[in-house]
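Worksheet for the structure shown next.
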Amino acid sequence: MKDRPSLGDTPPEIFRKQLHQLADWIADFRENISKLRVAPNAKPGAIRAALSAQPPEQGEAFEKILGDIDRLIVPGMVHWSHPMFLGYFGWTATAPGILGEIATAPLNVNAMTWRTSPAATELETLVVDWVRQWVGLPNEFGGVVYDTASVGIMHALAVAREEAAPSTRTLGLSARNLPRFRIYTSDQAHSSVEKAAIALGLGEENVQRVPSDAEFRIDVAALRAMIERDLAEKFKPLAAVATVGTTSTASVDPVPEIAKICREHKMWLHVDGAYGGGFALLPEYEWLTKSWSEADSIVINPHKTLFVPLDFSILYVRDLERLRRVFTLVPEYLRGDTIEAEKNYMDYGIQLGRRFRALKAWVIWRSLGRAGIVDRLRDQMRLTNLLVDWIKADKRFELAAPVVMPVVCFRLVGGEHELVASTASPARMDIVNSEIVERINASGRAYLTQTKLRGRTVMRIGLGNVLTTEQHLRNVWELIQNTATEFVTR
Ligand SMILES: Cc1ncc(COP(=O)(O)O)c(C=O)c1O
């Protein structure tokens, strides 16, 4: 009987042809990305409505599927890799990063134990240590790669919880007469702190938001006062989370002072360097890492600043064994896989199955080298400073926060200029600032975000994309100025 080819994989000669086709598709996409709208103008649900709601009964040709990606999916995307995408934190797509992702696909391994994936395990240990060296962390810190910083902080606080309330791993939290734990972080910190408290049964309410100072850094005196008040009320301070590069303004908390408080009260210190941590590669940003050696855990997201494609986040723990103790659990069916004295990354978190994330990091970091990364981050700062100069030169605008990294928050205030709109109250200007961002994003020509600082709406630009040139930034700034003119005359 003749073989039924449809039951196996695609024949090699056809697969090779499809790969070439896909290679061309990727190269064309990258080359022409700036011609695309940055964001779609589709109404919610419109993309789903254009797709078949019925699952496919028969297999379809790759050419047809690729055609539909072009026709239906690409126009429905916000293109984070577009040079005029300036939302959130810029983005990390690069050609070597894409190659790293592609090379990972055919391997399709599960990096749960050393045995199941020796090279994936050892490469993860290696690249995690490269970043440790780059940011100057002492080698008592070991790391593990997770998808995101949110998952990283949850694991870090699980260890903090276990060390403050031993046997929680075994007994759980309930019916044990434990004190109510508190976690402190600034009013600028990321919501992943609360998410971790929710997941760990510590309670969202027990994350205490400490006010920040005029430069959006945690107010250390207020932190001390909150801890004293909590102690008097029989709460137990468990941890403090210091942010190096906050989400709205990239402000940096005074880690040395927070570390001192953590020492005094035997609290866990977690440094959230999800965004800012990568800048520690630059000698001029060495100050960021002051007292990191006193931290218990640190998160850095190379998918935000170190050019690794999403997702790739590293959690460092001072003495990684502390993390392993909380999460190691070897089911019988894997016992034979864990006999070597090698790391089994399934022991360092709740995930069993793990992607081979280290390969793409190894490819991009070898391709750029430290020098290539540093040059690119410096160029982001050069562009950032240009934008700051342009904002200062147009009196209708003001900077809304100090600029520490390639994140610029600014606001149309009107200045002395005649307002097209009838009133210039701060509340009215909130709406105007928000409307400018909305109009620009709806135009498809650029993409910005907005945030609130001290209760006021501001526009926000995050640089980070290797494709964004000075000319792109000039074009965006002109677009902002022109859109602002619809509200405030020049
Ligand atoms: C300072 C900070 N911490 C944590 C996070 C959460 O990152 P992730 O998406 O990797 O969970 C973000 C996200 O932007 C962030 O800005």
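The values are calculated or read from the model by the stated rules, or taken from the named source; none is laboratory data. Predicted model, so just to flag it, every value in this text is computed and none were measured. So basically every Cβ, Gly included, is an ideal-geometry build from the backbone, and we count neighbours across all protein chains shown. Ligands, DNA and RNA are excluded from the accessible area calculation, which covers all protein heavy atoms including side chains. Shrake-Rupley method; radii C 1.70, N 1.55, O 1.52, S 1.80 Å.
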Response to the item:
Checked against (1) more than 14 Å from Tyr184 (Cα to Cα); (2) within 16 Å of the ligand (Cβ to nearest atom), Pro283 satisfies every condition except (2)
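If we keep just the residues of segment 286-297 that are within 21 Å of Ser212 (Cα to Cα) and either open to solvent by less than 10 Å² (accessible area, probe 1.4 Å) or among the polar types (S, T, N, Q) (or both), which is farthest from the ligand (Cβ to nearest atom)?
In this case the residue turns out to be Ser291.
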Worksheet item: Residue check: is Leu107 open to solvent by 20 Å² or more (accessible area, probe 1.4 Å), at pLDDT 95 or above and either more than 15 Å from the ligand (Cβ to nearest atom) or not aliphatic (A, V, I, L, M) (or both)?
Response: yes
Worksheet item: So, in segment 199-217, of the ones that are out of contact with any helix residue (DSSP H, G or I) (no Cβ under 7 Å at 6 or more places or on another chain) and of a type in the set (A, V, I, L, M, F, W, C), which residue ends up most open to solvent (accessible area, probe 1.4 Å)?
Response: Ala214
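Quick check: is even one residue across segment 27-37 of a type in the set (Asp, Glu), at negative phi and open to solvent by 80 Å² or more (accessible area, probe 1.4 Å)?
Here is the first cut: in segment 27-37, the ones of a type in the set (Asp, Glu) are 28, 31.
Subsequent filtering for residues that are at negative phi retains 28, 31.
Okay, now just the ones that are also open to solvent by 80 Å² or more (accessible area, probe 1.4 Å), so 28, 31.
Yes, segment 27-37 contains at least one residue that is of a type in the set (Asp, Glu), at negative phi and open to solvent by 80 Å² or more (accessible area, probe 1.4 Å).
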Discussion item. Could you list, ordered by first residue, the pairs with Cβ atoms under 9 Å in which the first is in segment 472-490 and closer than 23 Å to Leu383 by Cβ and the second is hydroxyl-bearing (Ser, Thr, Tyr) and surrounded by fewer than 17 Cβ atoms within 10 Å (Cβ to Cβ), at least 6 apart or interchain?
Written reply: His472/Ser34; Leu479/Ser443; Thr483/Ser443
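Modelled with pLDDT of 95 or more, under 28 Å from Thr469 (Cβ atoms), open to solvent by less than 10 Å² (accessible area, probe 1.4 Å) and under 23 Å from the mean Cα position of the chain (by Cα): does that describe Pro402?
Taking the combined requirement at face value, the residue does not satisfy it.
Is it the case that some residue within segment 256-278 is within 16 Å of the ligand (Cβ to nearest atom), of a type in the set (Phe, Trp, Tyr) and assigned to a helix (DSSP H, G or I)?
Looking for residues that are within 16 Å of the ligand (Cβ to nearest atom), of a type in the set (Phe, Trp, Tyr) and assigned to a helix (DSSP H, G or I), one finds none in segment 256-278, hence no.
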Worksheet item: Residues of segment 429-488 being among the hydrophobic types (A, V, I, L, M, F, W, C), in a helix (DSSP H, G or I) and open to solvent by less than 50 Å² (accessible area, probe 1.4 Å), which ones?
Response: Met429, Val432, Ile436, Val437, Ile440, Leu473, Val476, Trp477, Leu479, Ile480, Ala484
Item to complete: Answer with yes or no whether Ile350 is touching a strand residue (DSSP E or B) at 6+ places or on another chain (Cβ under 9 Å) and either within 16 Å of the ligand (Cβ to nearest atom) or assigned to a helix (DSSP H, G or I) (or both).
Response: no
Discussion item. Looking only at segment 148-158, filter to residues that are assigned to a helix (DSSP H, G or I) and open to solvent by 10 Å² or more (accessible area, probe 1.4 Å); which one of those is farthest from the ligand (Cβ to nearest atom)?
Written reply: Met154
Practice prompt. Kindly indicate the residue of segment 309-340 that is within 15 Å of the ligand (Cβ to nearest atom) and closer than 19 Å to Ser192 by Cβ and also most open to solvent (accessible area, probe 1.4 Å) among those meeting that condition.
Written response: Leu310
Discussion item. Test of understanding: among Ala93, Ala105, which residue is within 21 Å of Val145 (Cβ to Cβ) and either outside any helix (DSSP H, G or I) or in contact with an Asp or Glu (Cβ under 6 Å, 6 or more places away or on another chain) (or both)?
Written reply: Ala93
Discussion item. Whether any residue in segment 206-218 is without any contact (Cβ under 8 Å) to a residue 60 or more places away in the chain, assigned to a helix (DSSP H, G or I) and under 25 Å from Leu171 (Cα atoms) is what I want to check.
Written reply: yes
Worksheet item: How about segment 68-83: which of its residues are more than 16 Å from the ligand (Cβ to nearest atom), open to solvent by 20 Å² or more (accessible area, probe 1.4 Å) and not in a helix (DSSP H, G or I)?
Response: Met77, Ser81
Discussion item. Pairs needed: first member in segment 171-191, closer than 17 Å to Ala221 by Cβ; second member anywhere, charged (D, E, K, R) and within 16 Å of the ligand (Cβ to nearest atom); C-beta distance under 6 Å; at least 6 residues apart or different chains.
Written reply: Asp187/Arg209
Worksheet item: Which one is most open to solvent (accessible area, probe 1.4 Å), of the residues in segment 121-133 that are away from the ligand (no atom under 16 Å from the Cβ) and under 27 Å from Arg30 (Cβ atoms)?
Response: Trp130
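Do you know which residues across segment 38-52 are in a loop (DSSP other than H, G, I, E, B) and either at pLDDT 95 or above or open to solvent by less than 60 Å² (accessible area, probe 1.4 Å) (or both)?
Val38, Ala39, Pro40, Ala42, Gly45
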Worksheet item: For segment 331-344, does any single residue satisfy the condition of being without any contact (Cβ under 8 Å) to a residue 60 or more places away in the chain and touching a helix residue (DSSP H, G or I) at 6+ places or on another chain (Cβ under 9 Å)?
Response: no
Worksheet item: Restricting attention to segment 66-88, does a residue exist that is out of contact with any Gly (no Cβ under 8 Å at 6 or more places or on another chain), under 30 Å from Asp337 (Cβ atoms), of a type in the set (Asp, Glu) and modelled with pLDDT of 95 or more?
Response: no
Fill in: Looking only at segment 159-198, and only at residues there that are out of contact with any Ser or Thr (no Cβ under 8 Å at 6 or more places or on another chain), within 16 Å of the ligand (Cβ to nearest atom) and open to solvent by less than 10 Å² (accessible area, probe 1.4 Å), the one that is nearest to Tyr348 (Cα to Cα)
Ala197
Discussion item. Quick check on segment 376-392. Is at least one of its residues outside any strand (DSSP E or B), open to solvent by 20 Å² or more (accessible area, probe 1.4 Å) and over 30 Å from Asp213 (Cα atoms)?
Written reply: yes
